[in-house]
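The values are calculated or read from the model by the stated rules, or taken from the named source; none is laboratory data. Computed from a prediction, not measured in an experiment: that's the story for all the values here. Cβ sites come from the backbone with ideal geometry, for glycine too, and all protein chains shown count toward neighbours.
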Amino acid sequence: MIFDQAIAEEMSRLYGTEQGQYLASRQEKLIRLLLHPGRGERLLCVGAATGESLAPFIGFGCLTTALVPSPGLVEVASRKTGARVDFRVGPDDDFPFSDDEFDLVVLLAALEFTPNHRRVIDEAIRVCRDRVFIGVKNRCSPLFLGKNSESLFPQPLRRQARSYHIGELLSLVRNRLGKVDVSWGSSVFLPYRLGKKIVDIEKHIPLLKNPCGAFLGLSFPVSYRFRTMQNVIVGGPGVFKEKGREPAQGLVRGGK
């Protein structure tokens, strides 16, 4: 299993480093900017979550559930979150939740490691009733051109992680929801190894609609795809006739 406990421990260790805390803070800022999480909202985080990556959602006041791919991640992450996060272990392309169960759905370190990213996005839309956020490794970022890429993935995972560009993500979303209003941006533009002075420079780089950051994120609203019609269907029953057959009594009174 790719996300065994050893990998989970290493991911948690990376978050605890000074560089890790910096990268996590930049990701958190972009998520807050694009998702606008509110206190009391039900949030589902899907992917290789750690206790550190889930901490911002707890801080936002969200009622957080995490769907993770292995028990090893639960073992490590729950040390940081305790009972404040409801952990579930399961596949990332078949969520064990009802339709429209969550206000917010976040895909974080999820699409990079799945063979069926379209199915994952479909499932995120299905269980969400308000807003979805997708965060991925940005293929267009100059920081991923060298060996010392800016990432919170352990070294073995960096080679396996799939990257995306904004055009690809927009296409995946709009192929499912049409011309939905999408907000997007990126963060982490300068390599941390250059020194702490870059932190001040980073604060002045625009996040929205900037395709160059190492962490690429986009958010979009989800509207209901189906709606039960409660009104009585009106019109002449003749429209339902087919080769002399009438609609079943008591079920359909007519057609509009």
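Here are a few things to note about the model shown:
- Matching entry among S219, S163, S186 (being more than 21 Å from C128 (Cβ to Cβ) and touching a Ser or Thr at 6+ places or on another chain (Cβ under 8 Å)): S186
- Index of the failed condition, A66 passing every other in (1) under 15 Å from F3 (Cβ atoms); (2) more than 14 Å from the chain's Cα centre (by Cα): (2)
- Qualifying residues in the stretch 91-109 (those that are out of contact with any Lys or Arg (no Cβ under 6 Å at 6 or more places or on another chain) and at pLDDT below 90) - the one surrounded by the fewest Cβ atoms within 10 Å (Cβ to Cβ): D94
- Within the stretch 26-62, the set of residues being surrounded by 18 or more Cβ atoms within 10 Å (Cβ to Cβ), among the aliphatic types (A, V, I, L, M) and within 24 Å of V222 (Cα to Cα) comprises L30, I31, L34, L35, L43, L44, V46, A48, A49, L54.
- Between E101, E28, the distinction of being under 23 Å from C212 (Cβ atoms) and acidic (D, E) belongs to E28 only.
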